[in-house]
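Asks: Questions regarding the structure given below will be posed in turn.
The values are calculated or read from the model by the stated rules, or taken from the named source; none is laboratory data. Small disclaimer: the values here were computed from a predicted structure and weren't measured. Cβ coordinates were reconstructed from backbone atoms using ideal geometry, including for glycine residues, and neighbour counts include every protein chain displayed.
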Amino acid sequence: MLHLKQIFKVFNEGTLDEKIALDNVDLSLKPGDFVTVIGSNGAGKSTLMNMVSGALTPDVGTVIIDGQDVTNLPEYKRSRLIGRVFQDPMAGTAPTMTIEENLAIAYSRANKRSLRKGVSKKRRDVFKEQLSSLHMGLENRLNAKVGLLSGGERQALSLLMATFTEPKILLLDEHTAALDPSRAELITNITKEIVEKLQLTTLMVTHNMQQALDLGNHLIMMDKGQIIFEAQGEEKQKLTIESLLDEFRRIRGTGMASDRALLG
């Protein structure tokens, strides 16, 4: 479903600020895979997400989504293939528009429908049904301005907007990091339910190592633009936070002082 082949990306090449962001990265996701991505700040996690979304293009390498080479396809043209939820609950939605209007826009991206058609009675019934699955009462607030919602409510709406058209790839960019613990747990549970129900191929960046262990069937650890550790299936299920930290120390030859860097 998603294949990254020998991806290399450098920023500020030839200057004192030159930084290799991705260094010969290979990653393959099968349909329905849920990959959690951990690593220290500057490890390349966000660059990896932006490479998949089309916000960045590789200097070297190939990006394939659902059998299609999208390496040079701009972000707006990939939007029908990709759903994305950002860390900031204020991103991904239009705060001055209603819940209904935001959902209509999300729907039109994949279905080429106008806003007028998007808020027809038939479509409104679909929106209510989808919102009710969040168990937040948003189905009764279709005309509420999104800017008036709480952070958790906005993030739940963003998640629904990114997924209810069933994209080929779902990108979750630390989407619970800005929420308080109770709301973060709620959004994590909603995420798990939606991904499992729709069998979405998902790539999720997180600094929460327990979250990375609890979600998905595939985990990767990044450092200095490289994937330095990878675990899937039963191997992933056996991992603990301590074993991940041990692996990081072993690979990088560092001591316990590096743990804080990995934890972000």
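Asks: Just to check your reading of the model, which residue among MET49, MET1 is in contact with an Asp or Glu (Cβ under 9 Å, 6 or more places away or on another chain), crowded, with 18+ Cβ neighbours inside 10 Å, closer than 29 Å to GLN210 by Cβ and of a type in the set (A, V, I, L, M)?
Replies: Values: MET1 fails: crowded, with 18+ Cβ neighbours inside 10 Å.
Of MET49, MET1, the one residue that is in contact with an Asp or Glu (Cβ under 9 Å, 6 or more places away or on another chain), crowded, with 18+ Cβ neighbours inside 10 Å, closer than 29 Å to GLN210 by Cβ and of a type in the set (A, V, I, L, M) is MET49.
Asks: Only one residue in ALA21, ALA94, ALA43, ALA55 is assigned to a loop (DSSP other than H, G, I, E, B), closer than 21 Å to MET221 by Cβ, among the aliphatic types (A, V, I, L, M) and under 21 Å from the mean Cα position of the chain (by Cα). Which one?
Replies: Values: ALA21 fails: assigned to a loop (DSSP other than H, G, I, E, B); ALA94 fails: closer than 21 Å to MET221 by Cβ; ALA55 fails: closer than 21 Å to MET221 by Cβ.
Answer to the selection: ALA43.
Asks: Given the criterion closer than 25 Å to ARG124 by Cα and out of contact with any Gly (no Cβ under 8 Å at 6 or more places or on another chain), identify the matching residue among ILE194, ILE187.
Replies: Step by step, each of ILE194, ILE187 is checked, and only ILE194 is closer than 25 Å to ARG124 by Cα and out of contact with any Gly (no Cβ under 8 Å at 6 or more places or on another chain).
Asks: Here is a check on your reading of the model: is GLU235 part of a strand (DSSP E or B) and either of a type in the set (Asp, Glu) or surrounded by fewer than 15 Cβ atoms within 10 Å (Cβ to Cβ) (or both)? Let's see the steps before the verdict.
Replies: Numbers: part of a strand (DSSP E or B): no; either of a type in the set (Asp, Glu) or surrounded by fewer than 15 Cβ atoms within 10 Å (Cβ to Cβ) (or both): yes.
No; evaluated as a whole, the condition is false for this residue.
Asks: Can you name the residue in segment 26-57 that is in contact with a helix residue (DSSP H, G or I) (Cβ under 7 Å, 6 or more places away or on another chain) and of a type outside the set (A, V, I, L, M, F, W, C) and is also farthest from ARG78 (Cα to Cα) among such residues?
Replies: Taking segment 26-57 first, the residues in contact with a helix residue (DSSP H, G or I) (Cβ under 7 Å, 6 or more places away or on another chain) are 34, 36-40, 53-56.
Then drop every residue that is not of a type outside the set (A, V, I, L, M, F, W, C), which leaves 36, 39-40, 53-54.
Values: THR36: 22, GLY39: 26, SER40: 28, SER53: 7, GLY54: 7 Å.
Only one residue tops the list, namely SER40.
Asks: Okay, next question. Answer yes or no as to whether GLN211 is at pLDDT 90 or above, in contact with a Gly (Cβ under 6 Å, 6 or more places away or on another chain) and farther than 25 Å from ASN24 by Cβ.
Replies: Values: at pLDDT 90 or above: yes; in contact with a Gly (Cβ under 6 Å, 6 or more places away or on another chain): no; farther than 25 Å from ASN24 by Cβ: yes.
In short, no.
Asks: Please determine whether any residue of segment 65-72 is in a strand (DSSP E or B), in contact with an Asp or Glu (Cβ under 8 Å, 6 or more places away or on another chain) and charged (D, E, K, R). Before you say what the answer is, go through the steps one by one.
Replies: From segment 65-72, those in a strand (DSSP E or B) are 65, 68-69; that's our starting set.
Filter once more, so that each one left must be in contact with an Asp or Glu (Cβ under 8 Å, 6 or more places away or on another chain): none.
No, every residue in segment 65-72 fails to be in a strand (DSSP E or B), in contact with an Asp or Glu (Cβ under 8 Å, 6 or more places away or on another chain) and charged (D, E, K, R).
Asks: Look at segment 176-204 and say how many of its residues are closer than 19 Å to LEU81 by Cα and either touching a residue at least 24 places away in the same chain (Cβ under 8 Å) or in contact with a Phe, Trp or Tyr (Cβ under 7 Å, 6 or more places away or on another chain) (or both). Walk me through it before giving the result.
Replies: Going residue by residue through segment 176-204, those that are closer than 19 Å to LEU81 by Cα are 191, 194-204.
Now restrict to residues that are either touching a residue at least 24 places away in the same chain (Cβ under 8 Å) or in contact with a Phe, Trp or Tyr (Cβ under 7 Å, 6 or more places away or on another chain) (or both): 191, 194-195, 198-204.
Total meeting the criteria: 10.
Asks: Continuing with this model, one more query. Can you tell me which residues in segment 149-184 are exposed (fewer than 14 other Cβ atoms within 10 Å of the Cβ) and touching a Lys or Arg at 6+ places or on another chain (Cβ under 9 Å)? Reasoning before the result, please.
Replies: Of the residues in segment 149-184, the ones exposed (fewer than 14 other Cβ atoms within 10 Å of the Cβ) are 150, 166, 180-182.
Passing the criteria: only SER150.
Asks: If only one of VAL70, VAL60 is at pLDDT 90 or above, more than 23 Å from GLU196 (Cα to Cα) and out of contact with any helix residue (DSSP H, G or I) (no Cβ under 8 Å at 6 or more places or on another chain), which one is it? Working first, answer last.
Replies: Values: VAL70 fails: out of contact with any helix residue (DSSP H, G or I) (no Cβ under 8 Å at 6 or more places or on another chain).
Answer to the selection: VAL60.
Asks: When segment 142-175 is examined, which residues are found to be more than 13 Å from VAL85 (Cβ to Cβ), not acidic (Asp, Glu) and not in a helix (DSSP H, G or I)?
Replies: LEU142, ASN143, ALA144, LYS145, LEU149, SER150, THR165, LYS168
Asks: Now, a different point. Can you pull out every residue in segment 205-230 that is in a strand (DSSP E or B) and either within 15 Å of the chain's Cα centre (by Cα) or without any contact (Cβ under 8 Å) to a residue 12 or more places away in the chain (or both)?
Replies: The initial filter retains those residues of segment 205-230 that are in a strand (DSSP E or B), namely 205, 218-223, 226-230.
Listed by number, the residues that qualify are VAL205, HIS218, LEU219, ILE220.
Asks: Could you please let me know if GLU247 is charged (D, E, K, R), out of contact with any Phe, Trp or Tyr (no Cβ under 8 Å at 6 or more places or on another chain) and surrounded by fewer than 17 Cβ atoms within 10 Å (Cβ to Cβ)? Break it down stepwise before answering.
Replies: Numbers: charged (D, E, K, R): yes; out of contact with any Phe, Trp or Tyr (no Cβ under 8 Å at 6 or more places or on another chain): no; surrounded by fewer than 17 Cβ atoms within 10 Å (Cβ to Cβ): yes.
Criteria not met by GLU247.
Asks: On to the next question. Just to be sure before I move on: is GLY137 surrounded by fewer than 19 Cβ atoms within 10 Å (Cβ to Cβ), under 19 Å from the mean Cα position of the chain (by Cα) and either at pLDDT below 90 or farther than 30 Å from MET1 by Cβ (or both) in the structure I sent?
Replies: Values: surrounded by fewer than 19 Cβ atoms within 10 Å (Cβ to Cβ): yes; under 19 Å from the mean Cα position of the chain (by Cα): no; either at pLDDT below 90 or farther than 30 Å from MET1 by Cβ (or both): yes.
Judged against the criteria, GLY137 is not a match.
Asks: Still on this model: Applying the selection to segment 185-200, what residues are crowded, with 21+ Cβ neighbours inside 10 Å and either closer than 15 Å to VAL35 by Cβ or among the acidic types (Asp, Glu) (or both)?
Replies: THR191, VAL195, LEU200 - these are the residues of segment 185-200 that are crowded, with 21+ Cβ neighbours inside 10 Å and either closer than 15 Å to VAL35 by Cβ or among the acidic types (Asp, Glu) (or both).
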